[in-house]
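Enquirer: Pasting a structure below so you can have a look.
The values are calculated or read from the model by the stated rules, or taken from the named source; none is laboratory data. Note that the coordinates shown come from a computational prediction; the quantities given were computed from them, not determined experimentally. In this analysis, Cβ positions are derived from the backbone assuming ideal geometry, glycine residues included, and neighbour counts consider all displayed protein chains. Just the protein is used for accessible areas: all its heavy atoms, side chains included, with ligands, DNA and RNA removed. Shrake-Rupley method; radii C 1.70, N 1.55, O 1.52, S 1.80 Å.
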Amino acid sequence: MQMMKRYFIFLCYDGTDYHGWQIQPNGNTVQEELQRGLSTILREETTVTGAGRTDTGVHARVMVAHFDSCKSIDCHQLTYKLNRILPRDIAVSQVEEVSEEMHARFSATSRTYHYYIHTVKNPFQRKYSCELHYNLNFEKMNEAAEKLLEYEDFKAFSKSHTDVKTTLCRVTEARWIKTSEHDWHFRITANRFLRNMVRAITGTLIEVGREKMTVEDFCKVIEGKKRTDAGESMPGNALFLENVNYGQEEDKKCF
């Protein structure tokens with residue numbers, strides 16, 4: 001009897017036409033497409049476990065998933081066949097065999113997200129960046145973002161009625177980065193994220209940037225642990241899962 005082996009899949013996707021990563025009863029998802037492709041190629045029912053759950057419309061430059069199989073798999077050939085069978089908005093960069101102790105979700109040491117904004121109308125950015133015309137004080141926004149590293153409980157930025165057992169997260173990086181005269185992105189890294197957390201934090205930092213909220217008010221929102229005190233959740237189309245880290249020296253980028 002052949003031993004069960006575990007494989008990691010590194011992929012990226014444009015989430016525009018998907019109801020997020022996780023399989024839903026009504027709506028196509030990335031996980032569903034990946035499982036369908038694997039099951040077709042391997043000729044056995046295959047279930048994948050992802051490193052996290054991206055919401056409807058959210059994109060991933062790097063998503064990691066694992067599956068188990070007792071078959072002997074040529075990883076290079078499987079990568080090639082998956083890219084032939086998967087939709088054009090999902091691409092697999094690599095499949096590799098890992099130890100059975102490795103888990104796509106629980107073995108990850110950190111995840112990094114970027115939220116993109118632009119401040120002038122640009123038809124080529126409308127799908128992947130949020131257009132804002134406010135006068136934003138990015139210095140204050142970065143001052144508030146740094147405060148995230150001082151806290152552990154982010155219940156104020158979590159969607160209500162979720163099934164998580166804890167709202168504790170460890171944020172290790174949070175800053176706004178200017179890439180051109182009209183383009184910025186918010187980069188945040190943590191060991192884990194709550195549902196809707198990045199978009200809620202971004203929306204609240206925008207309030208700080210508009211000077212409708214002070215840095216001290218931002219801290220009070222975190223300490224108050226009430227979602228109603230935080231800013232609005234930003235649109236999902238401008239959010240990217242940029243990387244999932246497993247303590248390796250090199251990131252597994254799709255492009």
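Enquirer: At a Förster distance of 22 Å, what's the computed FRET efficiency of ASP229 paired with GLU173, Cβ-Cβ distance as r, to 0.05?
Expert: The computed FRET efficiency comes out at 0.35.
Enquirer: Using only DSSP helix segments of four residues or longer, with each worth -39500 (n - 2.57), what per-residue ellipticity at 222 nm results for the chain after dividing by its residue count and rounding to 500?
Expert: The per-residue figure over the chain is -7000 deg cm²/dmol.
Enquirer: OK, next. Sum up the charges of everything whose Cβ sits under 13 Å from the Cβ of LEU168, counting Lys and Arg as +1 and Asp and Glu as -1, but leave LEU168 out. If you can, show how the numbers build up before the last one.
Expert: Details: positive: LYS155, LYS165, ARG170, ARG192, LYS225; negative: GLU152, ASP153.
Residues close to LEU168 contribute a combined charge of +3.
Enquirer: What part of the accessible area of the chain, given as a whole %, is carbon or sulfur when the probe is 1.4 angstrom? Walk me through the numbers before you get to the answer.
Expert: Numbers: 6300 of 13690 Å².
The C+S portion of the solvent-accessible surface of the chain is 46 percent.
Enquirer: When 1/r is averaged over all different Cα pairs and the result inverted, which Kirkwood radius in Å belongs to the chain? All intermediate terms of the calculation are to be shown ahead of the outcome.
Expert: Numbers: mean 1/r = 0.0519 Å⁻¹.
Kirkwood hydrodynamic radius for the chain: 19.2 Å.
Enquirer: May I pose another question? Could you give me the radius of gyration and the Dmax of the stretch 105-255, taking only the C-alpha atoms into account and expressing both in angstrom?
Expert: Using the Cα atoms of the stretch 105-255, the pair Rg, Dmax is 15.1, 42 Å.
Enquirer: Would you work out the relative contact order for the chain, in percent, from Cα pairs under 8 angstrom that are 6 or more residues apart? List each step's numbers first, then the result.
Expert: Working: 552 pairs, mean separation 62.4, N = 255.
Contact order relative to length: 24 percent.
Enquirer: Right, something else. Could you give me the percent of Cα pairs per 5 Å distance bin for the stretch 202-247, shortest bin first, beginning at zero and ending with the bin that holds the maximum distance?
Expert: 5, 19, 23, 17, 13, 14, 7, 1
Enquirer: With each pseudo-label sitting 7 Å past Cα toward Cβ, what's the VAL120-GLU44 distance in nm, one decimal?
Expert: 5.7
Enquirer: Mind listing the Cα extents of the stretch 22-115 along all three principal axes, in Å, largest one first?
Expert: Rounded to whole Å, the extents work out to 39, 30, 24 Å.
Enquirer: Taking a probe of 1.4 Å, how large is the accessible area per residue of the stretch 1-142, in Å²?
Expert: With all protein chains present, the stretch 1-142 gives 54 Å² per residue.
Enquirer: Now, a different point. Taking the Cα centre of each part, how many Å lie between the stretch 31-52 and the stretch 193-241?
Expert: Taking the Cα centre of each part, the stretch 31-52 and the stretch 193-241 sit 35 Å apart.
Enquirer: Please give the charge dipole size of the stretch 64-170, origin at the Cα centre, charges +1 on K and R Cβ atoms and -1 on D and E Cβ atoms. Round to the nearest 20 debye.
Expert: Details: 15 positive and 15 negative charges, 123 e Å.
My answer is approximately 600 debye.
Enquirer: Using modelled amide H (1.01 Å from N, peptide plane; none on Pro or chain starts), what sits under 5 Å from the amide H of VAL98, excluding residues fewer than 5 places away?
Expert: HN-HN under 5 Å from VAL98: ARG6, TYR7, PHE8.
Enquirer: With only Lys, Arg, Asp and Glu charged, each at its Cβ (+1 for the first two, -1 for the last two), find how big the charge dipole of the stretch 63-113 is about the Cα centre; round to the nearest 20 debye.
Expert: Approximately 300 debye in magnitude.
Enquirer: Based on the Cβ-Cβ distance from ILE23 to VAL164, what FRET efficiency comes out when R0 is 25 Å, to the nearest 0.05?
Expert: Values: r = 19 Å, r/R0 = 0.74.
The formula returns an efficiency of 0.85 here.
Enquirer: Suppose every Lys and Arg Cβ carries +1 and every Asp and Glu Cβ carries -1, with no other charges. What dipole size does the chain come out with about its Cα centre, to the nearest 20 debye?
Expert: 440
Enquirer: While we're on this one: Please compare each pair in LYS155/LYS212; LYS81/LYS155; LYS5/LYS165; LYS127/LYS155 to a cut-off of 32 Å on the Cα-Cα distance and tell me which ones are over it.
Expert: Correct reply: LYS81/LYS155.
Enquirer: I would also like to ask the following. With θ set to phi - 60° and the Karplus curve 6.51 cos²θ - 1.76 cosθ + 1.60, what are the ³J(HN,Hα) couplings of the stretch 93-110 in order, to the nearest whole Hz, using x for Gly and Pro?
Expert: Calculated HN-Hα couplings, in order: 8, 6, 10, 9, 6, 10, 5, 5, 7, 6, 9, 4, 8, 7, 8, 5, 8, 6 Hz.
Enquirer: Just want to confirm a number: the relative contact order over the stretch 162-239, from Cα pairs under 8 angstrom separated by 6+ residues, in percent. Spell out each step's value before the answer.
Expert: Numbers: 76 pairs, mean separation 20.3, N = 78.
Reported relative contact order: 26 percent.
Enquirer: Determine the equivalent ellipsoid of the stretch 130-210 by diagonalising the alpha-carbon gyration tensor, then write out the semi-axes as square roots of 5 times the eigenvalues, largest first, rounded to whole Å.
Expert: Working: eigenvalues 115, 36, 23 Å².
Working from the Cα gyration tensor, I get semi-axes of 24, 13, 11 Å.
Enquirer: Note down the net charge around GLU232, summing +1 for each Lys or Arg and -1 for each Asp or Glu among other residues with Cβ under 13 Å from its Cβ.
Expert: +3
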